[in-house]
Amino acid sequence: MRTVRVSDATLKQKISETLSFREKVELVRLLDKLKVDVIEIGRIEQVKADSLFIKTAADAVSGSTVSVETLCSKESIEMTWDALKNAKKPRLAIKAPVSLVQMEYLYHKKPEAVKKAVEEGIAYAKQLCADVEFIASDATRSERPFLYEILEAAIAAGADTVTVCDTDGNMLADEFAQFIKEVRENVPSIDKAALGFACSDQITMADACSIAGMMAGGDEVKASVYPEDSASVSSLAAVMSKKGSEYGLSLNVRTVELKRLVDQVSRMFTETRSKNSPFDSGVRENIGDRTFSINDDLNAIVHETKNLGYDLSEEDQIRVYEEFRRLAARKEVVTSPEIDAVVASWALQVPPAYQLEEYIINACNVFTASAHIRLKKKGELLESVALGDGPVDASFLAIEQIVGRHYELDDFQIRSVTEGREAMGEAVVKLRNGGKIYSGRGLSTDIIGSSISAYISALNKIVYEEENE
C-alpha cells in the first residue's frame, strides 16, 4: 500500500484573507488534528504580521509539517526561516515559474536565469532547513525539456520534494496522468525526491486530475479542506476510502473525523459578518480554566502569556510575574483570565494619547443601540456618534470613527470583581495590530464604561508604539 501525502493549501488561497488572526491559528490547529501531512502558508508580505503568524502557527502544530513559501533570494529565505525555524517539522518551499509566458512576461527572466536562481536558492535553503520543496509553477504549459532539466537541477541542489503545478487548470484527468508519468520517465533522479503536484479547478477537474495524478505515481497532492481553486481534501478522502485499496493507495487524513472538522472550517468562511461592527468573528467570552499557584515559576507564566497571544519584552515579563506573585500570595489559585488582566494592567504602560471625556449610551429593545463618545487628544476634543448591535458594539465603533482606524478585536472579556448593587465590573480588551496583541483593562461600576476604558487603554499602547518606532 502506497501512502500519498496530503499538503493542505487552504491558507494560501485568497479567501483565507477574510479570516482573523485567531481564526487562522484555529484553522492550523484543526488541520493538525485532521493529520494532514503538510500545512502550507503563503509567502511573507507584511513582515511583522506574517512573521508573527508563522511563529504562532509553528508553535500550535505538533504533528504536521509546516511549509512556508519563499522566493529564491537569500534575503527572502532567511526572513522566512527566521519565522519558521522553531516548528517541529519545518519546510521551506521555493516557488518559481517554469513556463515561458510566466518566466518572461511576469517575472522578466530567461529560462537559464530562473534555473540558476532555483539552484542557488534551494542549495542555500538546504543549509538552513532539512526539508526543502521546489514548486514549479505553470508546469503543464512549460517546454518539457526545460521542465525536466530544472526538476533535475532542483533535486541535485537538495530539494526533497519537487512539485509540478497545473496552474492554468486546462488538463483533463487522463492528460494529467500522462503528464505525471512523463515527468517520472524523463527526470533521471526523480526517485531521490518526492513528486508532488497541484491542480487548479478552472474547469472543475481538480479532484479528478488529482486522483489521476496519485494513480500515475504522484507522492504528494496539494488540496484544501475549503477549496477555492484546488482539489478538495474531502473528495480525495472519499474516493480513497472507496477505491484506494483496489489501487494500493491510501491517505493519512483522519477520515472518521473529517466531516466534523471540515464543517468547523467551513463555518469560519461562511459565518455572516457585520461590515459595520468592530467585532471580528471568533471573539470569545473567556479564555479557559487553566490555573496557576504561587509555586509556578517565571517560565510557566511567560509561557502562559504566549498562549494568551502576547509577545512581551523581558522587562514586561518580569513586571507581570511580580504582579502575579503578589496576586498568588493572596489567593490559592490564579486563573488565565486573571493573568490576562495582569498583563493588561502592568505590561507596556504608556502615556495616554487618547483620554475619555464623556459618553452617552442609548440602548433599548425598540431602537438600535447608539453611542456618543467624546475623547481628548493633545487638548483637542474629538467626538463621534455610532449605531451598533449593542451598546459595547456601538461604543467601540464610535471610537474607531474618531481614530480613523479599525483594529482586529482579538478578545473581549467582562466580569464582576466585587459583589453587591455597586459591584465593580472589569473589562479586558485585546486589539491586534501588525500581528501583535495589545491589551487594555477598564474598571467601573458601569460595565459599558469599563469596556470603553479598556479599549482606549489598548488603543493608547498601539499609538505609543507606532509613534516611537
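Would you check if V164 is aliphatic (A, V, I, L, M) and more than 32 Å from the chain's Cα centre (by Cα)? No; evaluated as a whole, the condition is false for this residue.
Within segment 42-52, can you find the residues that are open to solvent by 60 Å² or more (accessible area, probe 1.4 Å) and outside any loop (DSSP other than H, G, I, E, B)?
Listed by number, the residues that qualify are V47, K48.
Criterion applied to E78, E69 was being modelled with pLDDT of 95 or more and either surrounded by fewer than 17 Cβ atoms within 10 Å (Cβ to Cβ) or in a loop (DSSP other than H, G, I, E, B) (or both), and the one residue passing it is E78. Here H108 passes the criteria (1) under 17 Å from the mean Cα position of the chain (by Cα); (2) farther than 23 Å from F197 by Cβ; (3) outside any helix (DSSP H, G or I) except the one numbered (1). Across segment 414-439, which residue is modelled with the lowest pLDDT among those that are assigned to a loop (DSSP other than H, G, I, E, B) and of a type in the set (V, I, T)? The residue in question is T418.
For (1) under 21 Å from the mean Cα position of the chain (by Cα); (2) open to solvent by less than 20 Å² (accessible area, probe 1.4 Å), each residue gets a yes or a no:
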| site | (1), (2) |
| --- | --- |
| D191 | no, no |
| A206 | no, yes |
| C209 | no, yes |
| G217 | no, yes |
| Y226 | yes, no |
| G244 | no, yes |
| S250 | no, no |
| S266 | yes, no |
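Among the residues of segment 356-370, is there at least one that is open to solvent by less than 20 Å² (accessible area, probe 1.4 Å), in contact with a helix residue (DSSP H, G or I) (Cβ under 8 Å, 6 or more places away or on another chain) and under 17 Å from L459 (Cα atoms)? No, segment 356-370 contains no residue that is open to solvent by less than 20 Å² (accessible area, probe 1.4 Å), in contact with a helix residue (DSSP H, G or I) (Cβ under 8 Å, 6 or more places away or on another chain) and under 17 Å from L459 (Cα atoms). Within segment 276-321, the set of residues being of a type in the set (F, W, Y) and at pLDDT 80 or above comprises F292, Y310, Y321.
Against the condition open to solvent by 50 Å² or more (accessible area, probe 1.4 Å), modelled with pLDDT under 95, assigned to a helix (DSSP H, G or I) and not small (G, A, S), how does V256 come out, does it pass?
For V256, the condition - open to solvent by 50 Å² or more (accessible area, probe 1.4 Å), modelled with pLDDT under 95, assigned to a helix (DSSP H, G or I) and not small (G, A, S) - is met.
For segment 94-101, check the following and say yes or no: at least one residue is at pLDDT 95 or above, hydrophobic (A, V, I, L, M, F, W, C) and in a helix (DSSP H, G or I). For segment 94-101, residues at pLDDT 95 or above, hydrophobic (A, V, I, L, M, F, W, C) and in a helix (DSSP H, G or I): absent. Pairing residues of segment 218-238 that are touching a residue at least 60 places away in the same chain (Cβ under 8 Å) and more than 16 Å from T255 (Cα to Cα) with residues that are among the aromatic types (F, W, Y) and buried (at least 24 other Cβ atoms within 10 Å of the Cβ), at Cβ distances under 8 Å and at least 6 apart in sequence or on separate chains, gives G218/F197; E220/F197; V221/F197; K222/F197.
Close Cβ contacts (under 6 Å, 6 or more residues apart or on different chains) running from residues in segment 196-213 that are among the acidic types (D, E) to residues that are surrounded by fewer than 20 Cβ atoms within 10 Å (Cβ to Cβ) comprise D201/D229; D207/S232; D207/S235. Taking the criterion of being buried (at least 19 other Cβ atoms within 10 Å of the Cβ) and in contact with a Lys or Arg (Cβ under 9 Å, 6 or more places away or on another chain), the residues of segment 27-41 that qualify are L34, V36, D37, V38, E40, I41. Here E338 meets each of (1) touching a strand residue (DSSP E or B) at 6+ places or on another chain (Cβ under 8 Å); (2) acidic (D, E); (3) buried (at least 18 other Cβ atoms within 10 Å of the Cβ) with one exception, condition (1). Tell me whether segment 4-24 contains one or more residues that are open to solvent by 50 Å² or more (accessible area, probe 1.4 Å), out of contact with any Asp or Glu (no Cβ under 6 Å at 6 or more places or on another chain) and closer than 11 Å to V265 by Cα. Scanning segment 4-24, I find at least one residue that is open to solvent by 50 Å² or more (accessible area, probe 1.4 Å), out of contact with any Asp or Glu (no Cβ under 6 Å at 6 or more places or on another chain) and closer than 11 Å to V265 by Cα, so the answer is yes. Residues in segment 133-152 that are in a helix (DSSP H, G or I) and open to solvent by 60 Å² or more (accessible area, probe 1.4 Å): 4 in all.
Of everything listed in (1) open to solvent by 30 Å² or more (accessible area, probe 1.4 Å); (2) more than 15 Å from A341 (Cα to Cα); (3) at pLDDT below 90, the single unmet condition for R405 is (3).
List the number of the failed condition for D393; all other conditions in (1) acidic (D, E); (2) buried (at least 16 other Cβ atoms within 10 Å of the Cβ); (3) in contact with a helix residue (DSSP H, G or I) (Cβ under 8 Å, 6 or more places away or on another chain) hold. Single failed check for D393: (3).
Taking segment 423-452 as the range and being touching a Leu at 6+ places or on another chain (Cβ under 8 Å), polar (S, T, N, Q) and farther than 12 Å from V392 by Cβ as the test, only S439 passes. Taken together, the residues in segment 176-189 that are under 21 Å from F146 (Cβ atoms), part of a helix (DSSP H, G or I) and either within 32 Å of the chain's Cα centre (by Cα) or touching a residue at least 24 places away in the same chain (Cβ under 8 Å) (or both) amount to 9. With respect to the conditions (1) touching a helix residue (DSSP H, G or I) at 6+ places or on another chain (Cβ under 9 Å); (2) within 23 Å of T65 (Cα to Cα); (3) open to solvent by 10 Å² or more (accessible area, probe 1.4 Å); (4) not polar (S, T, N, Q), A130 falls short on a single one, namely (1).
The values are calculated or read from the model by the stated rules, or taken from the named source; none is laboratory data. Treat the numbers as computed from the prediction; the structure is a model and nothing was measured. Neighbour counts are summed over all protein chains in view; Cβ atoms, including those assigned to glycine, are modelled from backbone coordinates with ideal geometry. In case anyone asks, the SASA skips ligands and DNA or RNA and just uses the protein heavy atoms, side chains included. Shrake-Rupley method; radii C 1.70, N 1.55, O 1.52, S 1.80 Å.
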